[in-house]
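The values are calculated or read from the model by the stated rules, or taken from the named source; none is laboratory data. Model, not experiment: these values are computed from the prediction. Cβ atoms come from the backbone with ideal geometry, glycine included; neighbour counts cover every protein chain shown. For the accessible areas, the whole protein counts, side chains as well, though only heavy atoms, and no ligand, DNA or RNA atoms are used. Shrake-Rupley method; radii C 1.70, N 1.55, O 1.52, S 1.80 Å.
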Amino acid sequence: MSYLLGRRERRAMFPSPPIPPNSQAGGGTSSYAQVNLSQTEASLQKVAVWSCVNLVATMAEVLPTFYLPRPRDPQPLPEWMADLGGDGHGLPDWLYQYVYSAMLRGNTTGLIGARDPLRGTPRQIVLQHPDLVHVVPDQDGMPQWTINGKKVDTDQVWHRRVHPAPGRLMGLSPIGLQATTISTGIAALQFGYQWFREGGHPSGILTSERELDQKQANTAKQRFMAAVHGRREPAVLGGGWKYQQIQIAPNESQFLETNNYTAAECCRIFGPGFAEIFGYETGGSLTYSNIEQRSLDLLTYAVDPWLVRIERALSKLLPVGELKFDRKALVRTDLLTRFKAHTLALQNQWETVNEVRDQEDQGPVEWGDKPTAPPPSPSKVQISPMGGD
């Protein structure tokens, strides 16, 4: 007679063998089939979702920004914009929060803390957690905002949306629209966790040549578990007892394939290029050429659309000119290629020596603020025939 630890063995000699049930936390129920994405942070359990959001938000946070009033000569940002949130963490921290809300919920909402005395445009915007922001139309169709359970006047709300839809004030939420794909990926992760840690499958079969009643089966299981649980020592079994370890069946471990597939799908939720950047389903080895191309794809297809959205939103707050990200800081090349680019820029007077030195983290020189004069054309050298005077 054989007994499966946690599962009835089908070859039992009597209809209902006394098999002790699996000892699981929470009453023995499986939780991986239930995924709740009502909270913004819940979707970040999927690594692919976290990676995409964190990539763009980090780029917005770390890329240099500059202010271009007219004429287009870079100037320092206005003092008030350097700490737009008014919390002392600075503009980079504010930009990360902006992207976080926009990518996960399709909307970024803040409370206006201060305004420009002449133009009335916001000078301080305190961003709010997207799950705490709600809006419904009133009888006249005007938006009624509620933030953290409190009603807020419309003129105190700063709202920017992504993925707009006709007739809707709020932008579409990527997490809400693709909840099935993300939930499947998270469920696969939770199933894998339970499989390897919480007894998602029986670890082995403990068999006896004797027929056991319910009490004897419980006692045998408890004594065996007490002997082997949390230890690496060998178990010693008496006469008539055998233990057979169960390996993972290939058809039961397909959750790994499901996890990889949903990871690539989650990346594609946020736009083209993300899945390839993170190496999902590339199917090829990396060389220098495609590594450099991947950096360009990162800027062109993945990050740049989000940077443009931020530039437009913040430029409207400035009295004149616009805010720009320094995209050159993102596209890194090898040393020789970078120096060749500097040479062309200097020869064509696009940059000055001090601008190039600043990009290479070197101090300025006294003579480096003016464009470099084009080099003279190489003179032709007369070569006399061999043997001639």
Just checking, how many residues over the range 299-332 are more than 22 Å from G120 (Cα to Cα) and touching a residue at least 24 places away in the same chain (Cβ under 8 Å)? 17
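So for the range 107-115 (the condition being under 21 Å from L63 (Cα atoms), in contact (Cβ under 8 Å) with a residue 12 or more places away in the chain and of a type outside the set (G, A, S)), does at least one residue qualify? Full working, then the answer.
Initially, the range 107-115 is screened for residues under 21 Å from L63 (Cα atoms), giving 108.
Subsequent filtering for residues that are in contact (Cβ under 8 Å) with a residue 12 or more places away in the chain retains 108.
If we keep only those that are of a type outside the set (G, A, S) too, we end up with 108.
The answer is yes, given that some residue of the range 107-115 is under 21 Å from L63 (Cα atoms), in contact (Cβ under 8 Å) with a residue 12 or more places away in the chain and of a type outside the set (G, A, S).
Among G171, G199, G176, G185, which is modelled with pLDDT under 75 and surrounded by 13 or more Cβ atoms within 10 Å (Cβ to Cβ)? It would help to see each step written out before you state the result.
Details: G171 fails: modelled with pLDDT under 75; G176 fails: modelled with pLDDT under 75; G185 fails: modelled with pLDDT under 75.
Every option except G199 fails the conditions.
If we scan the range 352-369, do we find a residue that is hydrophobic (A, V, I, L, M, F, W, C) and modelled with pLDDT under 80?
Going through the range 352-369, the residues hydrophobic (A, V, I, L, M, F, W, C) turn out to be 353, 356, 365, 367.
With the extra rule that they be modelled with pLDDT under 80, the set shrinks to none.
Looking for residues that are hydrophobic (A, V, I, L, M, F, W, C) and modelled with pLDDT under 80, one finds none in the range 352-369, hence no.
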Looking at the range 75-88, can you tell me whether even one residue there is part of a helix (DSSP H, G or I), at pLDDT 90 or above, open to solvent by less than 30 Å² (accessible area, probe 1.4 Å) and on the phi > 0 side of the Ramachandran plot? no
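Restricting the search to the range 140-164, which residues are in a strand (DSSP E or B) and open to solvent by less than 50 Å² (accessible area, probe 1.4 Å)?
First pass over the range 140-164, keeping only residues in a strand (DSSP E or B): 143-147, 150-152, 157-161.
Result: P143, W145, T146, I147, V152, V157, W158, H159.
Across the range 296-319, what is the total count of residues that are of a type in the set (V, I, T), open to solvent by 50 Å² or more (accessible area, probe 1.4 Å) and at pLDDT 85 or above?
Number of matching residues: 0.
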